[in-house]
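J.: One structure follows; several queries about it will come next.
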Amino acid sequence: MQHSVSSSQTHIKWIALMLTNTATRYGALARFFHWSIALLILTDLALGVIGDRTPRTADTVAWLQTLYSAHKTIGITVLLLAVLRIIWAVTQPRPVPLHPERRAETLAAEVVHWALYGAIIIMPLSGWVMHASESGFAPIWWPLGQGLPFVPKSEAVAHAAGAVHSLAAWVIYATVAAHIGGALKHQIIDKDATLARMSHGRAAGNPEAHHGRAAPIVAAGLWLVVLGVALVTGDQAHDTTVTPVASPAQIASSVTGANWTVDTGNIRFQVAQMGANVEGEFADWSAQIAYEDQTGNGSVTVVIDTTTLTLGSVTDNAKGAEFFNVAAYSTATFEADIARTDGAHLATGTLTLAGVTVPVTLPFELAIEGDVATMSGEVVLDRRDFAMGTGYADESTVGFGVTVVVTLTATRAD
Ligand code: HEM
Ligand code: HEM
C-alpha cells in the first residue's frame with residue numbers, strides 16, 4: 001500500500017516534470033503549444049495568401065467562402081491556443097540562450113521570439129475584429145456567434161483592422177523566415193541542440209546564463225510602429241468583399257440576334273440564416289433572350305413572379321414587407337445586355353427587386369450544341385442594396401450576401 005502510494009506520487013511528479021520547463025529544456029506543454037501554433041499559423045498564412053490572390057468572380061465565390069471560413073476558424077483556434085500558451089509561459093522558466101556570448105545573435109533570436117508572441121495575438125485578433133465589424137460573408141465555423149462585444153459594425157473599424165491584419169502579415173513573413181532560417185542555421189551549421197530542445201525536449205545550455213532585457217522592448221517597439229503605421233494609413237480603401245463588381249451596362253443595347261425560347265430552368269438563391277445556408281427558389285419566371293453566337297452579343301429580359309418564392313421554413317417572412325414585399329412588388333425584372341470576351345459571358349444590366357433598381361453583372365457559362373443552349377450563371381447580391389431586412393442590421397439572423405444561381409436550357413427559335 002505504502003509502496004503503491006509513493007509510486008503513484010512518483011508517477012505524478014514525473015508527468016509534472018515532463019510537462020514543465022526548466023532553465024535548460026522546454027517541457028512537453030511548451031513544445032505542444034509551439035508546434036501546434038506553428039502548424040496552424042503556417043496553414044493560415046498559406047490560406048490567407050491564396051485567398052488574397054484568388055480573383056473575385058462568381059465562379060470563385062463558393063470556394064472563397066470555404067477558404068475564408070477555414071482561415072478564420074483556424075485563426076481563432078490559434079488565438080485560443082496563444083492565450084493558453086502565454087498564461088502557461090508566464091508560470092514557467094524560459095530556457096536560457098545556448099550561446100549567450102554571441103550577443104547580437106542572441107538578441108536577434110529573442111527579438112524574433114517576442115515578435116512572434118505578439119503576432120500570435122495581433123494577427124488573429126485583428127482578423128476577428130475585421131470580421132466582426134464588416135458584412136463579411138464567410139462565417140467562422142462555430143456556434144458562438146460571429147460578432148465581438150464592443151466591436152461595432154463599421155466600415156472604418158473594418159478598414160483599420162484590415163490594415164493591421166495585412167501589415168502584420170508582413171511582420172510574420174519576415175519573422176517566421178528569420179526564425180526558421182535561424183533554426184536551420186543552428187541545426188546545419190552550428191550543429192547544436194537548439195532544434196533538439198524544441199523538438200525532443202532535450203536539455204542543453206548553461207543554467208546560469210541570462211536572457212537579455214532588451215529583446216521584449218525591441219519587439220514591443222516594432223509592433224507599436226507597425227500598429228501605428230497600419231492605423232494611420234488604414235483609411236485607404238481596403239476592400240474585403242467578394243461581391244463581383246456590378247457596373248451599369250456600357251454595351252450598346254441595340255443588339256439583335258437569334259431569339260431563344262427557354263425550355264427548362266431554375267432561378268435559385270442561397271442566403272445564410274442563423275449562420276446556416278438556406279435555399280430558395282422562384283417557381284415562375286419567364287425570359288426573353290436574343291443572342292448571336294457568331295458575335296457573342298445579345299440581350300436578355302427576365303421577369304420573375306415573386307409571389308412564387310419559396311425559402312424553406314421562412315417563406316412567409318421572405319415574402320413579407322421586410323424582404324421581397326410581394327404584396328407591393330409582385331414582379332422582379334432583370335434587363336441586361338450580353339457580351340462575350342475571351343469565351344466568358346457577362347450579362348450586364350439592372351435588377352429591379354422590391355421596387356429598387358440596382359446595376360448587376362451576371363457572369364455565366366454558355367454551351368451551344370446545334371439549336372440547344374445550356375447556360376448557368378451565379379452572382380452574389382447584397383440584400384441591403386435592395387433595402388431588404390433593414391430590421392436585421394447585422395448578419396446574425398440573415399446574411400447580407402445572397403448567392404443567386406441561374407440555370408437554363410433554351411432552343412433557337414428563328
Ligand atoms: C493565425 C492567425 C492568422 C493569420 C496568420 C492570418 C493571415 C492572413 C493573411 C496572410 C492574409 C492575406 C493578407 C492580406 O489580405 O493582405 C489574411 C487575410 C484575411 N484574414 Fe487572416 N490571418 C489570421 C487570422 C484571421 C482571423 C481569426 C480572421 C477572422 C476571424 C481572419 C480574417 C481574414 C480576412 C477576412 C482576410 C481577407 C482580408 C482582405 O482581403 O483584405 N484572419 N489573413
Ligand atoms: C518549421 C517551423 C519552425 C521551426 C523549425 C521552429 C523552431 C524553433 C526552435 C528550435 C525554437 C527554440 C529556440 C531556442 O531555444 O532558442 C523555437 C522557439 C520559438 N518559436 Fe519556433 N519554429 C518554427 C515555427 C514557429 C512559428 C510559425 C512560430 C510562430 C508563432 C514560432 C514561435 C516560436 C517562439 C515564440 C519561440 C520561443 C520559445 C517559446 O517561448 O515557446 N515558431 N522555434
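J.: So how exposed is TYR173, as accessible area in Å² (1.4 Å probe, rounded to 10)?
T.: Looks like 80 Å² after rounding.
J.: Could you check how much of the accessible area of the chain is carbon and sulfur, as a whole percent, using a 1.4 Å probe?
T.: 64
J.: Beta carbons within 10 angstrom, averaged per residue: use that to sort the peptides 403-410, 215-222, highest first.
T.: Averaged packing, sorted descending, gives the order 403-410, 215-222.
J.: Taking K and R as +1 and D and E as -1, what net charge do the other residues with C-beta under 9 Å from the C-beta of PHE282 add up to?
T.: Combined, the nearby Lys, Arg, Asp and Glu give -2.
J.: Return the tail of the calculated pair distribution for the chain, meaning the percent of Cα-Cα pairs more than 42 Å apart. Could the numbers behind the result be given before it?
T.: On the way: 30072 of 85491 pairs.
Roughly 35 percent, once rounded to a whole number.
J.: What net charge is computed for the residues neighbouring THR390, neighbours being all others with C-beta under 10 Å from the C-beta of THR390, Lys and Arg scored +1, Asp and Glu -1?
T.: With Lys, Arg at +1 and Asp, Glu at -1, the net is +1.
J.: Within the chain, which whole H helices from DSSP have a Cα span along their axis of at least 18 Å and a mean Kyte-Doolittle hydropathy of 0.5 or more, if any?
T.: Numbers: long enough: 2-19 (26 Å, 0.13); 28-53 (37 Å, 1.19); 61-90 (43 Å, 1.44); 103-133 (44 Å, 0.85); 155-185 (44 Å, 1.01); 214-233 (29 Å, 2.28).
For the chain, where a helix must reach 18 Å along its axis and average at least 0.5, the hits are 28-53, 61-90, 103-133, 155-185, 214-233.
J.: Accessible area per residue, 1.4 Å probe, Å², for the chain: what's the number?
T.: Heavy-atom SASA per residue in the chain reads 53 Å².
J.: Next question, about the same structure. In percent, how large is the relative contact order of the chain, given Cα pairs closer than 8 Å and 6 or more residues apart?
T.: Taking the mean separation of contacting Cα pairs over the length of the chain, I get 15 percent.
J.: While we're looking at this one, here's another question. With every atom except the alpha carbons ignored, what do you get for Rg and Dmax of region 2-233, in angstroms?
T.: 20.5, 72
J.: Using mean Cβ contacts within 10 Å as the protection proxy, how do 62-70, 125-133, 23-31 order, highest first? Write out the running numbers ahead of the final one.
T.: Working: 62-70: 16.8, 125-133: 22.9, 23-31: 18.6.
Ranked by mean Cβ neighbours within 10 Å, highest first: 125-133, 23-31, 62-70.
J.: Relative contact order of region 258-412, please, whole-number percent, based on alpha carbon pairs below 8 angstrom and at least 6 residues apart.
T.: Relative contact order of region 258-412: 27 percent.
J.: What percent of all Cα-Cα pairs in region 295-414 falls in each 10 Å bin, counting up from 0?
T.: 12, 40, 30, 15, 3
J.: If you filter region 131-221 for GluC sites (Glu not before Pro), then keep DSSP loop positions with at most 13 other Cβ within 10 Å, what is left? Before the final figure, lay out each step's value.
T.: Details: sites: GLU134, GLU155, GLU208; in loops: GLU134, GLU208.
For GluC sites (Glu not before Pro) across region 131-221 that sit outside H, G, I, E and B with at most 13 neighbouring Cβ atoms in 10 Å, the list reads GLU208.
The values are calculated or read from the model by the stated rules, or taken from the named source; none is laboratory data. Note that this is a predicted model, so its numbers are computed, not measured. Please note: Cβ atoms are built from the backbone with ideal geometry, for glycine as well, and neighbour counts cover all protein chains shown. With ligands, DNA and RNA removed, areas are computed over all heavy atoms of the protein, side chains included. Shrake-Rupley method; radii C 1.70, N 1.55, O 1.52, S 1.80 Å.
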